[in-house]
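One structure is given here, and the rest of the page talks about it.
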Amino acid sequence: MFDPRIEVFSTCPPSSGDDPRAYAEHVVQVARWSERAGCKGILVYSDNSLLDAWLVSQLIVEGTRTLCPLVAVQPVYMHPYTVAKMVTTYASLYGRRIYLNMVAGGFKNDLEALGDRTPHDRRYERLVEYTSIIRQLLSGRKPVTLAGEYHQVDKLRLSPPIPPDLFPGLFVSGSSEAGRAAARSLEAVAIEYPKPAQDATEPSNGAGGARGIRVGLITQRSEDEAWKLARDRFPEDRKGQLAPSSR
Amino acid sequence: MKVSDSVWHGQLSGMEQTADGSPYWMVPFQNYKTMCPYLVGSHERVGAELARYLSSGCRTFILDVPREPGDLEQTEAAFERALDQ
C-alpha cells in the first residue's frame, strides 16, 4: 500500500486502444489493481476521440469500493452546473468522492472542431471562472449568481447538497505561469509534467500551494530488469512505434 | 496528427533524452503518445529521483496506465525508497 504521506493516482486505459467489447472489462480490471495497491484514485482523461469520461467513471465506481475517479473536465464539453450535478449525483448514488482534473487546453484540432479558438492564457481565465461556479454550487451555502465573462448564472442552486466529506478534490493541469496562477487562485493542486528532477528542486517561480506531477514509472529490483522491461514495452524502432498495442 | 498548444506539450516535445544514467526517459512520450515522461530504473535509482520531486513539494503523483498489477507493487517499492531519504 502506498504511504499515506503521498497521494497516488493511476490512469484509466484509453478507449482507443481496446476492442470495444473488452474495454469495460479492462477498465474495471485496472481500477481494481489500482485500489488493491492503495491508489487514492484513477485519472480518466478525455479528448474528442475517447469515450465519455463521466460514463467510464461509473464503471470504475461500480467495480470498486473506495477508488475515486479523477475526471478530466474541459469547459468546452459541458456547463459548470452539469459538472456539479455529476459530482453530487455520484455522492448521492454511490457515496463516492470524485476528484476533478480541470483542464484548460487539449488538442488544438479538438477545440477548433468545437468552435473554440480562445487563446491559451484566456482559457485559464475561463477555467477559473468555470471552476469557481462549480465550487460555489457544491458549497451549497447560497444560490449562485454570477455575470461572468464566459458564464452567467442567476440564483442557481444545486440539489441535492453534497456531504462535506465528499466535496471533490480539485486539480489544475498546466505547466505555464497562467496554469500555475489558476491553480493558486482556485486553491487546487497544480499538476505539471515533470522535467528531470535536478531542474525541479524548487517550486516553480517560488509559487506555493499543493503540487503534483504526472509521470510514468517502470521500476524493478535492478537497472537491467527495468530497462529491459521498458524497451520491451516501448521499442524505439519503427515497427514498435506502429504497433497497435502501443498504449 | 494531434497537436496541442499547451506549454507543457511544447516543453516536453523539445526535450532531448537526458544523459546516460538518468532515469528520465522520453521515448514513450515521443513515440507512443503516453502524454507524460517516464522514469525507468531500479527502485533505488527511481526512488532517488522521486525523492527530489518530494523535496520540491510534490505530494500528488499521477501515474500512467498500469500494464499489470505488479507494476504498482514495483512502484510502491520505489516510493518507499524515496520517502526513506
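The values are calculated or read from the model by the stated rules, or taken from the named source; none is laboratory data. Since the structure is predicted, the reported quantities are computational estimates derived from the model, not experimental observations. In this analysis, Cβ positions are derived from the backbone assuming ideal geometry, glycine residues included, and neighbour counts consider all displayed protein chains.
Is it fair to say A:Ser16 is farther than 24 Å from A:Pro168 by Cβ, part of a helix (DSSP H, G or I) and in contact with a Leu (Cβ under 9 Å, 6 or more places away or on another chain)? Against the criterion (farther than 24 Å from A:Pro168 by Cβ, part of a helix (DSSP H, G or I) and in contact with a Leu (Cβ under 9 Å, 6 or more places away or on another chain)), A:Ser16 qualifies. Within the set of pairs 6 or more residues apart or between chains, which connect a residue that is touching a residue at least 40 places away in the same chain (Cβ under 8 Å) and within 21 Å of A:Ile98 (Cβ to Cβ) inside segment A:134-159 to a residue that is among the aromatic types (Phe, Trp, Tyr) and assigned to a loop (DSSP other than H, G, I, E, B) with Cβ atoms less than 9 Å apart? Within 9 Å, the pairs are A:Arg135/A:Phe167; A:Leu138/A:Phe167.
Within the group A:Thr82, A:Thr11, which residue is at the interface with chain B (Cβ under 8 Å from one of its Cβ atoms), closer than 21 Å to A:Val172 by Cα and of a type in the set (Ser, Thr, Tyr)?
A:Thr11
Checked against (1) facing chain A (nearest Cβ under 7 Å); (2) crowded, with 18+ Cβ neighbours inside 10 Å, B:Ala82 passes all but a single condition, namely (1). Within segment A:159-177, the set of residues being at pLDDT below 90 and over 15 Å from the mean Cα position of the chain (by Cα) comprises A:Ser176, A:Glu177.
Taking the criterion of being buried (at least 18 other Cβ atoms within 10 Å of the Cβ), in contact with a helix residue (DSSP H, G or I) (Cβ under 9 Å, 6 or more places away or on another chain) and on the phi > 0 side of the Ramachandran plot, the residues of segment B:21-64 that qualify are B:Met35, B:Gly41. Restricted to segment A:120-154, and to residues there that are at pLDDT 90 or above and within 11 Å of chain B (Cβ to nearest Cβ), the residue that is farthest from A:Ala182 (Cα to Cα) is A:Arg123. The single condition from (1) over 18 Å from A:Met86 (Cα atoms); (2) of a type in the set (A, V, I, L, M, F, W, C); (3) buried (at least 16 other Cβ atoms within 10 Å of the Cβ) that A:Ala147 fails is (3). Restricting to segment A:11-36, name every residue that is crowded, with 16+ Cβ neighbours inside 10 Å and within 14 Å of B:Asp64 (Cβ to Cβ). A:Thr11, A:Cys12, A:Pro13, A:Pro14, A:Val30, A:Trp33, A:Ser34, listed by residue number. Does segment A:42-50 contain any residue that is within 11 Å of chain B (Cβ to nearest Cβ), among the acidic types (Asp, Glu) and within 21 Å of B:Phe61 (Cα to Cα)? The answer is no, given that none of the residues of segment A:42-50 is within 11 Å of chain B (Cβ to nearest Cβ), among the acidic types (Asp, Glu) and within 21 Å of B:Phe61 (Cα to Cα). Answer with yes or no whether A:Ala190 is assigned by TED's automatic domain parsing to the domain that holds A:Met78, part of a helix (DSSP H, G or I) and either of a type in the set (A, V, I, L, M, F, W, C) or modelled with pLDDT of 90 or more (or both). For A:Ala190, the condition - assigned by TED's automatic domain parsing to the domain that holds A:Met78, part of a helix (DSSP H, G or I) and either of a type in the set (A, V, I, L, M, F, W, C) or modelled with pLDDT of 90 or more (or both) - is not met.
Considering A:Val8, A:Val44, A:Val61, A:Val56, the condition of being over 13 Å from A:Leu100 (Cβ atoms), surrounded by 18 or more Cβ atoms within 10 Å (Cβ to Cβ) and either without any contact (Cβ under 8 Å) to a residue 24 or more places away in the chain or touching a Cys at 6+ places or on another chain (Cβ under 6 Å) (or both) is satisfied by A:Val8 alone. In segment A:172-187, the qualifying residues are those that are in contact with a strand residue (DSSP E or B) (Cβ under 9 Å, 6 or more places away or on another chain) and of a type in the set (A, V, I, L, M, F, W, C), and the one that is surrounded by the fewest Cβ atoms within 10 Å (Cβ to Cβ) is A:Leu186. A:Gly216 falls short on exactly one of the conditions (1) in contact with an Asp or Glu (Cβ under 8 Å, 6 or more places away or on another chain); (2) at the interface with another protein chain (Cβ under 8 Å from one of its Cβ atoms); (3) modelled with pLDDT under 90, and that condition is (3).
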